[in-house]
Each structure stands twice: as C-alpha cells, then as structure tokens.
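Colleague: Here it is, the structure in full.
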Amino acid sequence: MFRFLVRRILGAAVILLIISAITFLLFYVAPRDPARVACGKICTPQTLALVKHNLGIDDPLPVQYWHWLEGVFVGRDYASFGHCNAPCLGYSFINREPVLGMITDRFPTTLSLALGSAVVFVVFGVGTGMIAAVKQGKPLDKIASSASLVGSSLQIYIVGIVAMFYLSDEWGILPRPNDNSGFTSDPAGWFGGFLLPWFVLAIIFTANYTRMTRSQLVETLNEDYVRTARAKGLSARTVFFRFAWRGAMGPIVTILGLDLGSLFGGAIITEATFGLHGIGALSVKAVRDNDLPMLLGVVLVAAGAIVLFNIIVDTVYAFIDPRVRLA
C-alpha cells in the first residue's frame, strides 16, 4: 500500500508539472499582452518596460517558468510586491492580489457544490439502482430504468435555468442559488443557497448512477460466489450486502471519482449556470483578462483535485473489492 501511494503521488507530481508547463506555454500564444493591458491607454515604452519588470514577465520564457516553480516550492521576491512565501502562485496581473489567497476564498464554493451534489446523487442514484436490481423485471424496475434514460439525456445549463425560473423566481419553492453564506457562520443560509444546484445536479447524475448500479448488481447477483452463498442458506439480506453489493460497488466508486473530478474541472459550466462565484468563475475571468498567474493557479488546483480523487478511488477500490490488489 505504501509503495502504491508513493508511486501515485510521484506520478501526480509529474502530471501537475506537465500541465503547468503546457498552460504556461499556451498563455504566450495568446494575442493580448498582459503588460500592455495593465499599462493603460497612455503607455510609453519606458512605462511598458517598467510594468513588465514589476509583473516579472521581462525575462525569457524558460526563466519565467523557473521563477514560478521556485515560488511554488521556496517562495519568490517581486519588485513591486516584496517577498511571497511558499507556496507562492504569484500575484494577479489585474487585481495585484495573491493568487493563492483569491483561490482560497473561492474554493469553498466549488467544494460545497461538488461534495454536496455528490452526496445527493449517490444516495438517490445508488439507492434507486439497488431497488431496481432487486425488483428486476417488475414495474418499479421499468419505471426506474425509463426515468434514468430521460435524466441522463438532460443538460445542466438547460435544467438549471428552467429550475431557477420556476422553482425560485416564479413559485418560490426553493431559494435562489447563492454563495453568500458560510457553512460555519450561517449553516441554514449555506444549505439554502446550494439546495437548488444540488437538486439539479442530482437529477442528471442520479440517472447515470441508477442505471449503472442496477446493471452492476444484476450482473453480480448472477455470479457463482453469490449463488454459492445462497446455497449455503444465508439470508437474502446477508447475500445482498455482504457479497453482491460489495462486488458491484467497485466500478461505481471509480466513476464517482471521475465525476467528482469533472465537477471540479468543469465548474465553469455549473457555476455559470447557477451564478456562483467559485474557481470556475475565477478561471473564466483569468482567461478573459489574460491573467497568467491566476490561470496557472486555477488549473493547478483543478488538476490537483482530479488527481487526488483518482488516488483516493484507487485506494478505496481495494478495500471494497478484496479481489483487487494494489501491488
């Protein structure tokens, strides 16, 4: 287990390094010059050179990237901002604020959206799929299967807008999505602000988990070891939860890790749909403003979240299914 985790962590570090290098390189293909944007309308060559020096972009590209890596691990000195302690992701070209601080302020919104919706759609999706598998071929199974097909074809940006219009604006059933309340300072306000996004995401993701759980359980219930457990006289409840359920949960946990990563990486669509101010909205602004430090920071955090969830899923997979060996 220890060797497995060490290998995955080292591999994750290499992946993040490659992603940051590609992002750094693609930034310089962009037609807009961040120094000229920050310089303003009346910009002399002397002022432009001073702005580039203050932003730390007057060196060759490899040197700039090396300075950025140096800041991440040991800190960095800026001409206009002073020393930035590690881990330093730099200062925003536009706001002149530490990138790490701005991401830290926005990260709870994205985290609440991703984890909260995951709890909802896993509980309802897996639960409905289990019922459909047990009631295989019966009316309840057919209803759940048909509903999952409809739900899996829906899109967040369509269902979200329609749900906000009717459930929040017209009928007033649910509060309009907002991230103004903190989990610790105002739990009720926090819960109400994320309730509609969780509900909409649950509709879409629950359909996938219902269909997947049903198919996995139906297949597992026909395995030889499950039939052997029945033949030994074990109760249906014991056979289902101790043998069939554990065998079917492995692939579902794997997909859950990918979905959690996509919720972080694809936060642009979800946050834009519900008007939330997380790292997805921050990344859109960074691209629009040609803000390299902010863009690098957001990409690094999103990629790190995806890699982290994949490592957790691979580790949990071995505990759920004894047939899997990490070595």
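Colleague: Looking only at the range 131-153, decide whether some residue is closer than 12 Å to ALA202 by Cβ, open to solvent by 20 Å² or more (accessible area, probe 1.4 Å), in contact with a helix residue (DSSP H, G or I) (Cβ under 8 Å, 6 or more places away or on another chain) and not small (Gly, Ala, Ser).
Modeller: No, there is no match, as no residue in the range 131-153 is closer than 12 Å to ALA202 by Cβ, open to solvent by 20 Å² or more (accessible area, probe 1.4 Å), in contact with a helix residue (DSSP H, G or I) (Cβ under 8 Å, 6 or more places away or on another chain) and not small (Gly, Ala, Ser).
Colleague: State the number of residues belonging to the range 82-98 that are open to solvent by 60 Å² or more (accessible area, probe 1.4 Å) and over 29 Å from the mean Cα position of the chain (by Cα).
Modeller: Going through the range 82-98 one residue at a time, the tally reaches 1.
Colleague: Can I ask one more? May I ask you to list pairs of residues, at least six apart or on different chains, whose Cβ atoms are under 7 Å apart, with the first in the range 74-87 being free of Cβ contacts under 8 Å to residues at least 60 places away in the same chain and the second being open to solvent by 60 Å² or more (accessible area, probe 1.4 Å) and assigned to a loop (DSSP other than H, G, I, E, B)?
Modeller: Note: pairs meeting the criteria are GLY75/ASN85.
Colleague: Do the conditions hold for GLY172, that is, is it closer than 21 Å to LEU111 by Cα, without any contact (Cβ under 8 Å) to a residue 12 or more places away in the chain and among the small types (Gly, Ala, Ser)?
Modeller: Considered against the rule, which asks whether it is closer than 21 Å to LEU111 by Cα, without any contact (Cβ under 8 Å) to a residue 12 or more places away in the chain and among the small types (Gly, Ala, Ser), GLY172 comes out as no.
Colleague: Here's another thing I want to ask about it. Given (1) of a type outside the set (Ser, Thr, Tyr); (2) open to solvent by 60 Å² or more (accessible area, probe 1.4 Å); (3) at pLDDT below 75; (4) in contact with a helix residue (DSSP H, G or I) (Cβ under 7 Å, 6 or more places away or on another chain), where does VAL51 come up short, assuming only one miss?
Modeller: Looking at each condition in turn, VAL51 falls short on (2).
The values are calculated or read from the model by the stated rules, or taken from the named source; none is laboratory data. Here the structure is a predicted model, which means the values were calculated and not measured. Virtual Cβ from ideal backbone geometry, glycine too; neighbours counted across all protein chains shown. Heads up: the accessible areas ignore ligands, DNA and RNA and are worked out on the full protein's heavy atoms, side chains in. Shrake-Rupley method; radii C 1.70, N 1.55, O 1.52, S 1.80 Å.
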